[in-house]
1. Residue pairs, Cβ under 7 Å, 6 or more apart or interchain, first in region 567-579 and within 10 Å of Val618 (Cα to Cα), second polar (S, T, N, Q) and surrounded by 15 or more Cβ atoms within 10 Å (Cβ to Cβ). List them.
2. Has region 676-688 got any residue that is modelled with pLDDT of 95 or more and assigned to a loop (DSSP other than H, G, I, E, B)?
3. Where the second residue is among the aliphatic types (A, V, I, L, M) and assigned to a loop (DSSP other than H, G, I, E, B) and the first is on the phi < 0 side of the Ramachandran plot and surrounded by 13 or more Cβ atoms within 10 Å (Cβ to Cβ) and lies in region 208-220, which pairs have Cβ atoms under 8 Å and are six or more apart or on separate chains?
4. Is it true that some residue in region 518-527 is more than 30 Å from Pro635 (Cβ to Cβ), of a type outside the set (A, V, I, L, M) and more than 16 Å from the ligand (Cβ to nearest atom)?
5. Can you pull out the residues in region 580-606 that are exposed (fewer than 14 other Cβ atoms within 10 Å of the Cβ) and either more than 44 Å from the chain's Cα centre (by Cα) or in a helix (DSSP H, G or I) (or both)?
6. Which of the residues spanning region 532-574 are small (Gly, Ala, Ser) and either at pLDDT below 95 or within 16 Å of the ligand (Cβ to nearest atom) (or both)?
7. Tell me, which residue of region 454-484 that is touching an Asp or Glu at 6+ places or on another chain (Cβ under 6 Å) and within 15 Å of Glu645 (Cα to Cα) is surrounded by the most Cβ atoms within 10 Å (Cβ to Cβ)?
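The values are calculated or read from the model by the stated rules, or taken from the named source; none is laboratory data. Since the model is a prediction, treat every value here as computed from it, not as a measurement. Here the Cβ is made from the backbone with ideal geometry for all residues, glycine too, and neighbour counts use every protein chain on show.
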Amino acid sequence: MYPRTPSGDQPQAPPKKKRIKAKVGLKERPQVVEIEVPEQDLPVWDLDAKLSVVGKRVLRVEGPEKVTGEAKYTLDYTPKDLPGLLYGRILHSPFPHARIEKIDASKALALPGVKAVLLFDKGEWFNPNEVLKVASEGPVSAPADRVVTYEGDPLAAVAAQSEQIADDAVDLIEVKYRRLPHVVDHEEARQPNAPLVHKGTKGNTVSGDPFVRGDVEQGFKEAEVVIERTLRVPVLLHNSPECHVAVAHWEGGKLTVWASTQGINGFRDELAKTFKLDPANVRVITQHMGGGFGSKFGMQAYGAMAAALAKQAAAPVKLGYDRHQENLTAGNRPNATMWVKLGAKKDGTLTALHCRSYGTAGIGRDAGVTYLMSLAYKVPHLRLEDSDVFTHAGYGMPMRAPGFPQGSYALESVMDDLAAELKLDPLELRRKNFVDQPLLALDEMYRIGAEKIAWNRRNELGPKGDSPLKRGLGMGTAVWPNYSGPPARSRVTIAPDGSVESAMAVQDLGTGTRTVVAMVTAEELGLPAEAVKVNMGDTSLELIAPDSGGSVTALSIAPAIRAAAADAKRQLFERCAAAFNAQPEDLAAGEGKIFVRHDPQKFLTWQQAAARLGTTAVVGRGERLPNVEPYANFPLWGAQFAEVEVDTETGQVRVVKIVAVHEAGRALNPAMFESQIYGGVMMGAGYALLERRTMDKPEGRVVNPNLEDYKMIGPEELPEIETVIVEPITPMNNVGGKGLGEPPTVPTAAAIANAVAHALGFRIYELPLSPDRVLDALEARKEA
Ligand code: MOS
């Protein structure tokens with residue numbers, strides 16, 4: 001998901017600039033660059049910076065709360081937390097396409113314990129997440145012309161005194177459906193006679209403008225070898241551990257919503273718009289959440305319904321999706337059929353790349369996969385064409401690096417096929433064509449990864465030999481664009497008792513954001529991370545931070561926090577300079593002390609210095625400045641290497657090991673950096689081997705909207721994951737870093753698929769590489 005700008009943010013006047021030097025890049029090959037930065041910006045934490053908290057393996061500040069079960073997630077709210085809390089439940093369509101001829105909720109309303117019933121209509125067809133026309137005044141008759149367009153389409157909701165009553169009430173809602181023809185397969189939906197998913201369109205296929213660089217026909221003329229392949233990937237379901245859920249509470253004209261969301265600011269703005277409220281009267285709170293992966297942006301249907309039910313019932317309401325509904329209506333990673341044509345010189349130099357892809361985001365949009373292809377390698381001539389195919393299925397949502405694992409699988413597979421054609425080592429082909437950006441360490445990442453996986457064994461592995469177990473090695477390049485940047489504002493308060501509070505209206509998805517806030521504050525103040533109390537996850541803080549998508553969070557907020565902490569520190573220095581007989585600018589903070597920079601023996605402990613504040617705290621404020629050109633939009637890179645073992649008798653693929661080498665500029669906390677890699681690799685391995693949403697085509701329903709039949713990766717399938725952090729410090733912002741949530745899941749499936757192709761000696765052009773598919777492919781080769 002790409003960042004959105006929260007409301008209330010005004011563009012700033014261009015700041016005055018100064019020129020500074022920074023020593024950046026890799027420690028092993030530092031480069032001094034001259035950059036122009038805003039005059040008020042803090043010195044860059046470059047290679048010479050002496051940092052005592054940032055860069056350390058600080059444990060998550062909320063860890064103890066989480067492991068003891070004290071951390072409260074939205075899903076945990078009960079009437080003990082909010083007296084009178086009602087439980088909401090949603091009725092969804094069991095059919096993929098139907099007209100609602102009649103819907104009658106009178107029996108549900110009459111059930112004792114039922115406090116509100118809501119029937120509602122959909123918003124605009126192309127953006128089902130936007131805003132529902134919420135009938136908040138409690139009608140019980142159906143809107144005219146109500147057509148459901150996918151299994152899971154919400155139709156009605158109830159709020160009742162217990163979950164059991166809510167379940168019963170939903171069952172009592174009588175709906176008369178008239179089924180309409182449906183299509184859930186994206187190939188069939190492209191046919192001229194396929195049922196239309198959206199009224200008023202010409203067919204179900206929608207294409208955007210192609211991305212063009214150079215002249216692709218010219219590029220293929222220049223090529224000495226050209227190959228063409230078609231590859232397929234399935235629809236994936238996000239399956240965040242915590243399903244979508246919100247608790248809504250009205251007090252007069254003010255609305256408070258606790259939500260499991262990736263963006264409290266965006267959620268607040270959509271609620272305000274839907275319920276016609278001043279955003280100042282809407283408060284969204286997210287303290288802890290169980291993952292989102294792109295599926296939890298905005299208010300969505302459950303958020304709107306929770307607030308509407310609460311209004312109608314005049315009581316707080318908790319409403320969310322159960323696992324089944326989650327997997328029908330909370331988003332998915334679109335599938336794709338990708339035709340790729342790649343041309344190169346005999347020495348492996350790429351000359352042209354053409355990709356045509358179509359995939360389905362169900363009734364929604366954004367099934368594109370080719371963005372990665374415009375970034376991953378140097379190709380002078382490119383033509384990239386993405387199409388969305390509408391089907392009668394739940395809408396797609398961004399999912400961890402939207403479009404990138406799909407595109408990576410296609411491109412890296414074809415790269416390996418090209419290498420085979422050219423009789424080149426696959427890694428050599430990458431080395432010939434990688435993007436050699438200033439400060440980029442990709443060559444170094446290739447070298448380290450190849451060494452760790454022992455790539456030099458590659459020629460000994462493969463299909464030869466009598467054993468049914470075949471081993472193979474494969475790799476792929478990770479790339480992700482940098483989206484981090486303004487707006488982000490922060491507030492740091494130092495109290496006379498020495499306590500420090502760092503506040504920011506940002507949410508922690510479970511990635512460790514809270515710890516980053518504490519660490520960056522502590523670093524600037526010369527304190528340990530545990531000395532900082534973090535106040536976040538609440539829009540009532542009135543500070544702005546991005547919604548957490550596009551791997552923007554840590555590196556969007558860190559410079560703002562630094563600025564706020566520095567501002568608070570400056571004020572503290574002003575208030576205690578007299579005690580040193582010094583000027584405020586002669587003071588420094590470190591190791592829990594305030595001291596005279598040139599005479600560190602003269603110091604006050606942090607507590608003593610803070611006591612000088614008397615009775616008033618100091619409040620520092622800080623804002624994130626724009627990224628520094630020309631580094632502002634440099635992508636993030638990485639390389640992953642996979643070793644697999646394929647059992648040619650059972651079709652089982654075992655991933656033996658993944659070496660994942662990644663960079664994100666400065667690693668603010670290596671332990672959390674690694675945890676992002678682990679998660680990304682796990683998801684990528686599941687994509688390669690296990691996960692697929694399966695549709696019953698005649699019925700138009702999802703066969704596996706649960707965690708039994710939809711197989712996610714578990715301990716049994718987990719490979720050994722060796723992480724390597726490469727740290728090319730970037731001058732892009734004053735903390736020297738970039739974001740990391742998404743890159744580690746980009747090339748995993750591609751690397752595994754390449755390793756499987758190496759092991760088998762032939763390629764299967766479709767994911768997942770499940771045992772049935774591998775066996776079928778082996779069988780087909782025997783027959784051929
Ligand atoms: Mo995302 S797919 O949460 O940027």
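1. Every condition considered, the pairs that remain are Ala568/Thr493.
2. Step one: list which residues in region 676-688 are modelled with pLDDT of 95 or more, which gives 676-688.
When the remaining residues are screened for being assigned to a loop (DSSP other than H, G, I, E, B), the result is none.
Within region 676-688 (the criterion being modelled with pLDDT of 95 or more and assigned to a loop (DSSP other than H, G, I, E, B)), the answer is no, since none of the residues qualifies.
3. Every condition considered, the pairs that remain are Arg213/Val379; Gly219/Val379.
4. Yes: region 518-527 contains one or more residues that are more than 30 Å from Pro635 (Cβ to Cβ), of a type outside the set (A, V, I, L, M) and more than 16 Å from the ligand (Cβ to nearest atom).
5. Across region 580-606, the qualifying residues are Asn581, Gln583, Glu585, His598, Asp599, Pro600, Gln601.
6. Residues of region 532-574 small (Gly, Ala, Ser): 537, 540, 545, 548-551, 554, 556, 558, 560, 563-566, 568.
Within region 532-574, Ala545, Ser548, Gly549, Gly550, Ser551, Ala554, Ser556 meet the criteria.
7. Checking each candidate, the answer is Leu473.
Okay, residues lined up against (1) farther than 21 Å from Glu742 by Cβ; (2) part of a strand (DSSP E or B):
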| residue | (1), (2) |
| --- | --- |
| Lys202 | yes, no |
| Val206 | yes, yes |
| Phe220 | yes, no |
| Val226 | yes, yes |
| Thr230 | yes, yes |
| Pro241 | no, no |
| Val247 | yes, yes |
| Trp250 | yes, yes |
